[in-house]
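One structure is given here, and the rest of the page talks about it.
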Amino acid sequence: MLLDEAQDTNPVLEEIFLAQDAQRVCVGDPAQQIYEWRHAKDIMSGLPGQRLELRSHSGSARPSRRWRTGGCGYGPTWSETAANAYERHRAG
């Protein structure tokens with residue numbers, strides 16, 4: 001199960017997500033948390049499991065504006081990182 005924008009998860013969705021008996025994946029950027037005023041929180045910080053940080057071409061942890069606003073939302077470096085993580089997972 002994939003939870004996108006996990007940095008802004010409301011309590012109801014958090015409860016539903018955590019109750020699932022499935023592999024769970026969270027995606028989000030804590031620096032973009034904007035709904036704390038309505039009790040949303042970054043649930044990624046409290047979850048156990050492997051953490052992958054995707055980096056932009058410049059090497060910074062924050063994606064460049066070019067990729068955040070681009071049509072597909074990520075650049076080739078991110079695609080390579082995701083593909084490599086998938087291959088490591090498949091290999092066991």
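Structure notes:
- Residue ID - modelled with the lowest pLDDT, chosen from residues in segment 45-92 that are of a type in the set (Ser, Thr, Tyr), under 24 Å from residue 23 (Cβ atoms) and assigned to a helix (DSSP H, G or I): 79
- Residue match in segment 13-25 (condition: within 13 Å of the chain's Cα centre (by Cα) and modelled with pLDDT of 75 or more): yes
- When segment 8-44 is limited to residues that are part of a loop (DSSP other than H, G, I, E, B) and hydrophobic (A, V, I, L, M, F, W, C), the one that is least open to solvent (accessible area, probe 1.4 Å) turns out to be 40.
- Of all residues in segment 27-41, those that are under 20 Å from residue 53 (Cβ atoms) and among the aliphatic types (A, V, I, L, M) have Cβ atoms under 7 Å from Cβ atoms of residues that are modelled with pLDDT under 90 and assigned to a loop (DSSP other than H, G, I, E, B), 6 or more apart or on another chain, in 31/62.
The values are calculated or read from the model by the stated rules, or taken from the named source; none is laboratory data. Treat the numbers as computed from the prediction; the structure is a model and nothing was measured. Cβ coordinates were reconstructed from backbone atoms using ideal geometry, including for glycine residues, and neighbour counts include every protein chain displayed. Just so you know, the surface numbers come from the protein's heavy atoms only, side chains and all, with ligands and any DNA or RNA stripped out. Shrake-Rupley method; radii C 1.70, N 1.55, O 1.52, S 1.80 Å.
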